[in-house]
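Coordinate-derived values only; no laboratory data. Computed from a predicted structure; not experimentally measured. Note that we place each Cβ from the backbone using ideal geometry, even for glycine, and neighbour counts take in every protein chain shown.
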Amino acid sequence: MKLEVYESERTLAQALAAVVASAIEVRPDIVLGLPTGRTPVALYAELVKLTTDRAIDWSHVRTFNLDEFVGLGDGAAGSYRRFMHDHLFRHVPIRPEHIGFLDGRAADIASECDRYERAIVAAGGIDVMILGIGANGHIGFNEPCEVLPARTNRVVLEEGSRAENALWFGGRIEAVPREALSMGMGTILSAREIVLMATGERKANAVREMMVGGVTTRLPASFLQLHPHVTVMLDEGAAVRLPATLR
Ligand code: GLP
């Protein structure tokens, strides 16, 4: 894993936004995997700014988001689809038909997960997968467990993960759905390149275990050690528990 430590959340977001913007310029039909959460808010703000400053053409860009809450979909308050609309999609000239999203309201969840896997393959696979990380080491919504689903699946959320997401539901944990749809670990690891971003000391333990612990379903992000092209971008806070030999 390649490690990059930035002095602040802002400089990290600027650096990653510049990488994504240049990647779109070099490969206009790039397929991006995208995360939600507090961490990428600054990234998307910087990307919107660069899109204007450099007149970036999004007309051939395709995106696939990592996850969505069961029961929520397009436009619903608290949905990840709504988050992405508010923070990125409505600010950049991406074609709506190029936005890949899981529909948490699908009547047949298994078919919806299959549809998503097929759509990713039909798009040629994900070129660059951008990830955040939960304090418990989840990526997407692959929670610590005994057995990790390989492909897009329905998952039950840990209470801690629901608490982390209460922010998007007016601070009310009881309003956060108990289940989500998430790309599986195999779906994530099939991306050609992966960038994981983490900020703040709250993530420092998970980041340490991800990078120097063994590969275990108890810390799903540790599976990234098996991928040949992973860059871990941290601010100083998220890096504080890393062994000095890695810095
Ligand atoms: C959320 C999302 C993840 C995200 C993580 C961290 O629940 N499902 O994709 O990376 O938890 O979120 P945050 O950036 O708000 O800490």
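Taking a ≥ b ≥ c as the square roots of the eigenvalues of the Cα gyration tensor, the range 175-247 is oblate, since a/c reaches 1.5 or more and a/b is not larger than b/c. In the range 160-247, Cα pairs under 8 Å separated by at least six residues give a relative contact order of 30 percent. Of the peptides 61-73, 220-232, the ranking by mean beta-carbon count within 10 Å, highest at the top, reads 61-73, 220-232.
Using every pair of distinct Cα positions in the range 1-119, the Kirkwood expression returns a hydrodynamic radius of 15.2 angstrom. Charged side chains reduced to their Cβ positions (Lys and Arg at +1, Asp and Glu at -1) give the range 58-108 a dipole of some 200 debye around its Cα centre.
Take the alpha carbon gyration tensor of the range 71-218, find the square roots of its eigenvalues, order them as a ≥ b ≥ c, and report rounded if a/c is under 1.5; if not, report prolate when a/b exceeds b/c, else oblate. Rounded, because the longest to shortest axis ratio a/c is under 1.5.
For the chain, a crude dipole built from +1 on the beta carbon of Lys and Arg and -1 on the beta carbon of Asp and Glu, taken about the Cα centre, is about 140 debye to the nearest 20. Which of rounded, prolate or oblate describes the chain when judged by the alpha-carbon gyration tensor and an a/c cut-off of 1.5? Cα axes put the chain in the rounded bin. Here the Karplus relation 6.51 cos²θ - 1.76 cosθ + 1.60, evaluated at θ = phi - 60°, turns the backbone of the range 10-26 into coupling constants of 5, 5, 5, 4, 5, 5, 5, 4, 5, 5, 5, 4, 5, 4, 5, 5, 6 Hz, with x for every Gly and Pro.
Between Arg172, Arg192, Arg38, the GNM of the chain built on Cα springs shorter than 10 angstrom shows Arg172 fluctuating the most.
Each label point was placed 7 Å from the Cα along the Cα-to-Cβ direction; for Glu174 and Lys49 their separation is 4.1 nm. A Cβ-based charge dipole, computed about the Cα centre of the range 182-231 with Lys and Arg at +1 and Asp and Glu at -1, lands at about 80 debye.
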